[in-house]
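So the structure is just underneath, and the comments pick up after that.
The values are calculated or read from the model by the stated rules, or taken from the named source; none is laboratory data. Because the structure is predicted, anything quoted here is derived from the model rather than measured. Note that each Cβ is placed from the backbone with ideal geometry, even for glycine, and that neighbours are counted across all protein chains shown. Protein only, heavy atoms only, side chains kept; ligands, DNA and RNA dropped before computing areas. Shrake-Rupley method; radii C 1.70, N 1.55, O 1.52, S 1.80 Å.
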Amino acid sequence: MSGKLSEVEGRIGTVHQLEAVITAMRGSAAARSVEARGRLPAVESYAKVVGGAIGLALSLDQDDEAEPHDDASPERHTLIAFGAEQGFAGTFNERVLDAVKRHLEREPAELFVVGSRCVMVAAELGLKVNWSAPMVAHADEAPALAGKITDALYEKLETSQARRVTVIHAAPAPSASIEIVERALLPFDFGRFKAAPVPLPPLTTLPPDELLAGLAEEYVFAELCEEVMLSFAAENEARMRAMISARSNVARKLDELVGTYRRLRQDEITDEIIEVSVGATSAEQRARLRRAARPTAAQIAPTAPTSQHVS
């Protein structure tokens, strides 16, 4: 009995340690999600400034209405999926890759995957990954990752290996969940920006078309920064919910172990009481038997010899 009791007691200690780890992971995920959400206004402000510059550049070149060539061939379409870098995020990667699979069923494309854990899940699902990069671990790393993706995309554009780019990522939803977002990134839609009428045209050192191309690339970089931030926030919110669920399971398991410990302890106490009681009873019985077996004084007194008279 004592062996089982010590085993359950050890398991209770292990579960308490696991609960502490889960609580710490939950707090870390919540802090990172809040951090990423806090950086979004700055990214949006930067994109707004670049968009204003594109409007001014369009006012310099009103005749340049040429759009990038739209090539629907499979090898010229690139799909970027943002997943999780680490585990313990529930079905976060699966939901993103389900959207990827639906898109690939409609139209084949080269697949870029961001997030080491997402790359592993994609391999398990039989998806071919053509390019990959680790997801950020902190919000401060988002610009570097966005720059890396932008460089890879424009390298393909310059060699005519890509014409269209679609992005699939998760984003935090108001109902404390996440939603999967899919949108076109390239070809760049200049129609979103209105040419800003200005009394005096701005001074430039580049031809208008070259200036617009550079600003468009900068705007793509800003959009990718926003998507990295949104995906990072959604990943950590998914991890936070997974930790909340895990903590509930741990609490339920802990209650079961404590109940088992109490039952075993009660059984042990009961056995000890019975053992003591049986031991005391046996001692009394042995004493009575010894007393019963002991001869009495009459039994041990010598018998007087009878006198015989000789006549």
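Observations
- Extent along principal axes [Cα atoms of the stretch 133-212; Å; largest to smallest]: 48, 34, 26
- With all protein chains in place and a 1.4 Å probe, the accessible surface of the stretch 83-148 carries 52 percent carbon and sulfur.
- Between GLU107 and SER160, the simple spin-label model (points 7 angstrom out along Cα→Cβ) gives 2.0 nm.
- Accessible surface of ASP151, taken over heavy atoms with a 1.4 Å probe and every protein chain present, rounds to 100 Å².
- For the stretch 74-180, the list of trypsin sites (Lys or Arg not before Pro) that fall in a loop by DSSP and count at most 11 other C-beta atoms within 10 angstrom reads LYS128.
- Accessible area (Å², 1.4 Å probe, nearest 10) - PHE221: 40 Å²
- Applied to the stretch 18-28, the Karplus parametrisation 6.51 cos²θ - 1.76 cosθ + 1.60 on θ = phi - 60° returns per-residue 3J(HN,Hα) values of 4, 4, 5, 5, 4, 4, 5, 5, 5, x, 5 Hz, with x for Gly and Pro.
- Across the stretch 131-143, coupling constants 3J(HN,Hα) worked out from phi with the 6.51/-1.76/1.60 Karplus curve, θ = phi - 60°, read 7, 8, 8, x, 6, 5, 9, 9, 4, 5, 8, 4, x Hz, and Gly and Pro carry x.
- Accessible surface of VAL49 - all protein chains present, 1.4 Å probe, nearest 10 Å²: 100 Å²
- Shown for the stretch 207-259: the carbon plus sulfur share of the solvent-accessible area, taken with all protein chains present and a 1.4 angstrom probe, equals 55%.
- Relative to its residue count, the stretch 105-258 spans a Cα convex hull of 185 Å³ per residue.
- The stretch 170-252 shape via C-alpha gyration tensor axes, a/c threshold 1.5: prolate
- Accessible area per residue, Å², the stretch 90-209 with all protein chains present, probe 1.4 Å: 54 Å²
- A simple spin-label model places pseudo-atoms 7 Å from Cα toward Cβ; at GLN17 and ASP271 they are separated by 2.7 nm.
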